[in-house]
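The values are calculated or read from the model by the stated rules, or taken from the named source; none is laboratory data. Computed from a predicted model, the values in this text were never measured in an experiment. Positions of Cβ are backbone-derived with ideal geometry, glycine not excepted, and every protein chain shown enters the neighbour counts. Ligands, DNA and RNA are stripped out before the accessible areas are found, and what is left, the full protein with its side chains, is counted by its heavy atoms. Shrake-Rupley method; radii C 1.70, N 1.55, O 1.52, S 1.80 Å.
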Amino acid sequence: MVSESQAVQQSRNRELLDKIRRLMPGGSLGTYVQPDDVAFVVAYGRGSKVYDVEGREYIDYILGSGPAVLGHAHPAVVEAVQRQVERGTQFYWLNEPVIALADKMVQAIPCAEMVKFTSSGAEATFYALRLARAFTGRDKIMRFEGSYHGHHDYSMLGGSAGIPKPVSDLVITAPFNDLETTTRLIEQHRHELAAVIVEALMRIVPPKPGFLEGLRAITKQYGIMLIFDEVVTGFRLAWGGAQERYGVTPDLASYGKIIGGGYPFAAVAGRADLLMLSDPRDRGPQYVYFSGTFSGNPLGATAGLATLRELEKPGAYARLDEIGERLRQGLREIARTLPRPMAVLGDGPIVGIAFVDGDLTSPRVVGGGDKALLKATEIGLLRHGVLANIVAKFYVSLAHDDGDLDRTLQILDDVLHQVCRQG
Ligand SMILES: Cc1ncc(COP(=O)(O)O)c(C=O)c1O
């Protein structure tokens with residue numbers, strides 16, 4: 001029997017979903033859509049969980065697409081933000097939180113002699129590429145097959161309509177973890193290449209030993225800028241990001257997600273001679289326009305700073321690694337009992353699965369796995385109260401406790417067996 005109050009709540013969820021489908025394409029905020037029987041509207045998040053408008057609880061491994069590394073509504077972040085809200089939320093002017101965050105980033109990030117802020121990860125990679133072009137006087141960029149650097153044309157080539165054809169002449173795509181082919185392509189285009197942009201942990205595929213080092217050496221040799229896209233990995237894989245974890249220092253790095261503590265906030269960090277091209281006091285021929293209404297927003301900087309203060313406490317990264325490894329270990333044990341091959345990938349607090357059997361160092365192989373099965377797993381998990389963007393990755397947070405992990409692995413065991421039997 002459904003009680004009267006439950007019926008009211010359920011009709012509220014239905015009503016909201018019907019409304020959003022009339023108002024927004026596909027009833028989606030971006031690319032994410034779920035079938036009707038599992039779609040829901042989130043009411044609030046706390047710690048490792050989110051709750052829908054019908055009061056259902058979900059263990060959350062999406063975490064706002066990564067930023068909520070402390071979990072939702074962490075008390076230290078809430079308190080700092082509340083204080084800032086009362087003091088004003090947007091100035092378009094220098095402010096103390098933004099200077100404190102810049103200071104913390106320059107201390108933490110190996111390549112960072114300077115930083116400059118913007119509002120989203122896509123803008124950060126876009127500006128990093130623009131700086132590299134201005135610095136080198138060259139137009140082309142290299143990216144890697146299967147990478148994602150945000151919504152702009154250089155990143156989405158091949159993944160969206162509406163991109164001008166000439167953009168494709170400016171973008172060279174190389175195979176990640178294949179140093180020989182990448183080197184050949186770089187040598188072929190060495191006089192035209194401004195930058196090589198790479199996710200050092202390519203989605204869920206770690207770099208082969210020597211791959212990033214090789215990229216560093218060849219880009220240096222030809223005066224090509226090496227850009228690490230640290231939007232996902234920054235302050236997540238390690239305090240100093242992927243560049244610290246893998247021991248290779250790029251010329252520039254793009255940051256987003258965690259540095260905004262749940263607010264839209266992003267940055268380019270890197271060599272001073274590159275970032276100084278955006279110094280507005282010197283608008284010479286190499287001057288790079290780099291500005292926006294919300295660049296340096298004090299609320300985002302405050303939330304980001306409060307988040308980083310928690311992350312710099314002793315043991316934070318060891319714990320994040322431990323949580324990620326427990327999930328990977330549990331998944332590996334489940335994989336052994338499944339009727340078809342499932343690979344377990346990722347690094348540290350980024351965990352991924354793929355239904356493949358082959359060279360797991362190749363994003364092409366990993367990305368070529370059975371996507372329908374991943375989607376079915378995602379939907380199965382939703383039915384059991386686990387929220388995860390399985391097609392991409394599991395993000396874990398410091399708020400996930402052992403109880404969450406045990407419950408998640410139990411549910412994964414059931415769901416994975418079920419989808420593999422059906423698939
Ligand atoms: C590696 C990487 N770079 C850039 C972006 C774009 O960031 P944003 O969505 O904040 O524009 C993303 C988004 O997920 C990303 O994963």
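Among PRO285, PRO363, PRO250, the residue with the largest mean-square fluctuation in a Gaussian network model of the chain, with springs joining Cα atoms closer than 10 Å, is PRO285. For the chain, a Gaussian network of Cα nodes joined below 10 Å ranks PRO35, PRO110, PRO341 by mean-square fluctuation, and the top entry is PRO35.
Here the Gaussian network model covers the chain, with springs between Cα atoms less than 10 Å apart; of GLN84, GLN410, GLN243, GLN410 fluctuates the most.
Under a model in which nothing but the beta-carbon of Lys, Arg (+1) and Asp, Glu (-1) is charged, the chain shows a dipole of about 580 debye around its Cα centre. Here the accessible area of the range 362-423 is 50 percent carbon and sulfur, with a 1.4 angstrom probe and all protein chains present.
At q = 0.12 Å⁻¹, what is the base-10 log of I(q)/I(0) for the chain according to the Debye formula with one equal point scatterer per Cα and no solvent? Please give it to two decimals. Values, matching the q order: -1.05. With contacts taken as Cα pairs under 8 Å and at least 6 residues apart, the chain reaches a relative contact order of 21 percent. The helix-based estimate of mean residue ellipticity at 222 nm for the chain, built from -39,500 (n - 2.57) per DSSP H run of four or more residues and divided by its residue count, is -12500 deg cm²/dmol to the nearest 500. Here the calculated FRET efficiency for ARG383 and HIS151, from their Cβ-Cβ distance with R0 = 45 Å, stands at 0.90, rounded to the nearest 0.05.
Within the range 259-323, the trypsin sites (Lys or Arg not before Pro) that combine a DSSP coil assignment with at most 15 other C-beta atoms in a 10 angstrom radius are ARG281, ARG283. Averaged over its residues, the chain has an accessible area of 45 Å² per residue, based on protein heavy atoms and a 1.4 Å probe. By the gyration tensor of its Cα atoms, with a ≥ b ≥ c the square roots of the eigenvalues, what is the shape of the range 355-423: rounded for a/c under 1.5, prolate for a/b over b/c, or oblate? Verdict is oblate for the range 355-423.
Loop-resident chymotrypsin sites (Phe, Trp or Tyr not before Pro) (DSSP state other than H, G, I, E or B) in the range 23-102 with no more than 16 further Cβ atoms inside 10 Å of their Cβ: TYR32, PHE91, TYR92, TRP93. Protection proxy ranking for 67-73, 274-280, 13-19, using the average of other Cβ atoms within 10 Å per residue and placing the highest first: 67-73, 274-280, 13-19.
In order along the range 113-119, the Karplus-derived 3J(HN,Hα) couplings, from 6.51 cos²θ - 1.76 cosθ + 1.60 at θ = phi - 60°, round to 8, 8, 9, 9, 9, 8, 10 Hz, and Gly and Pro are given as x. For the range 15-93, the Kirkwood estimate of the hydrodynamic radius, built from every pair of different alpha carbons, is 14.9 Å. Where a ≥ b ≥ c are the square roots of the eigenvalues of the C-alpha gyration tensor, would you call the range 56-167 rounded, which needs a/c under 1.5, or, failing that, prolate if a/b is larger than b/c, or oblate? Since a/c reaches 1.5 but b/c is at least a/b, the shape of the range 56-167 is classed as oblate. Among the GluC sites (Glu not before Pro) found in the range 86-172, those both in a DSSP coil and sparsely packed, with 15 or fewer other Cβ atoms within 10 Å of their Cβ, are GLU113, GLU145. For the range 75-311, the carbon plus sulfur part of the accessible surface works out to 54%, probe radius 1.4 Å.
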